[in-house]
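Student: The structure that follows is given in the form of C-alpha cells.
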Amino acid sequence: MKRNSKGFTLIELLIVVAIIGIIVAIAIPNLLNAIQRAKQRRSMGDIRSAATAVEAYAVDLNRYPPAAGSYDLPFAMGTSTMATMATYISPTYIKSVPRADGWNSWFIYTTDTTGSAYIFASGGKDGTVTVSAVGSPKGPTTDFNADIVYSNGSFLQWPEGVQR
C-alpha cells in the first residue's frame, strides 16, 4: 500500500509558529520605539517651523509676538499655549501654526516680559512640561517623557540617542 502524504505535520507547523512568534517579539518593541522617535522628530520640526515664523515677526516688528503669560529670570516657565501667539503670525508668517505635538498635547509658548526672548516647549510623551528653569541649556535627553525645549533659535533640551 502506497502512502501519499501531502501537507505538513503538527511539529512542522509548531516550529513555524514558534519562529514567527520570536520574530514578532523582536520586531514589536522596535516598531513602538520608532513610532515614539517619529513623534519626537515631528514635534521638533513643528517647533522649528513656528519659531521661524516668530523670528520673521520679530524682524518686522522688533519684538516677539506676545503670549498669554510671560516668564521672568531665571526663565521660570509659564503654561501659555500657542493660541494667543498664533493670531499674530498666522497667516502672514506661517499658514497654520502647529498647536499640538506628536503626542497630541499642546505646545507651550511664552515670552519674557519685554518681548525680547521666547520659549517653545513640548511635554514629551507624558504631556506635562516639567522644565522649571530653562535659561541654561540642558542638552540631549534619552527619555521619551523628557521635555523638548526651544528658545531664541536653538534647542535647549532635545532627544538624542537611544530613547527609553
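Student: State yes or no: is VAL97 of a type outside the set (Phe, Trp, Tyr) and either at pLDDT below 90 or under 11 Å from VAL149 (Cβ atoms) (or both)? Reasoning before the result, please.
Tutor: Values: of a type outside the set (Phe, Trp, Tyr): yes; either at pLDDT below 90 or under 11 Å from VAL149 (Cβ atoms) (or both): no.
So VAL97 does not fit the description; no.
Student: Looking at the structure I just gave you, is SER5 small (Gly, Ala, Ser), surrounded by 15 or more Cβ atoms within 10 Å (Cβ to Cβ) and modelled with pLDDT under 85?
Tutor: no
Student: Let me ask you something else. If the Cβ limit is 8 Å and pairs must be 6+ apart or interchain, which residue in segment 5-34 that is in contact (Cβ under 8 Å) with a residue 24 or more places away in the chain pairs with which residue that is surrounded by 10 or more Cβ atoms within 10 Å (Cβ to Cβ) and acidic (Asp, Glu)?
Tutor: none
Student: Sticking with this one: Within segment 6-55, which residues are more than 30 Å from PHE107 (Cβ to Cβ) and of a type in the set (S, T, N, Q)?
Tutor: Matches in segment 6-55: THR9 only.
Student: Which condition breaks for ILE119 when tested against (1) assigned to a helix (DSSP H, G or I); (2) at pLDDT below 90?
Tutor: (1)
Student: Let me ask something additional. Restricting attention to segment 103-121, and to residues there that are surrounded by 17 or more Cβ atoms within 10 Å (Cβ to Cβ) and among the β-branched types (Val, Ile, Thr), which single residue is nearest to the chain's Cα centre (by Cα)?
Tutor: Among those that are surrounded by 17 or more Cβ atoms within 10 Å (Cβ to Cβ) and among the β-branched types (Val, Ile, Thr), it is ILE108.
Student: Restricted to segment 39-65, and to residues that are in contact with a helix residue (DSSP H, G or I) (Cβ under 8 Å, 6 or more places away or on another chain) and either modelled with pLDDT under 85 or hydroxyl-bearing (Ser, Thr, Tyr) (or both), which residue is surrounded by the fewest Cβ atoms within 10 Å (Cβ to Cβ)?
Tutor: TYR57
The values are calculated or read from the model by the stated rules, or taken from the named source; none is laboratory data. All figures in this text were calculated on a predicted structure; none of them were measured in a lab. Neighbour counts are summed over all protein chains in view; Cβ atoms, including those assigned to glycine, are modelled from backbone coordinates with ideal geometry.
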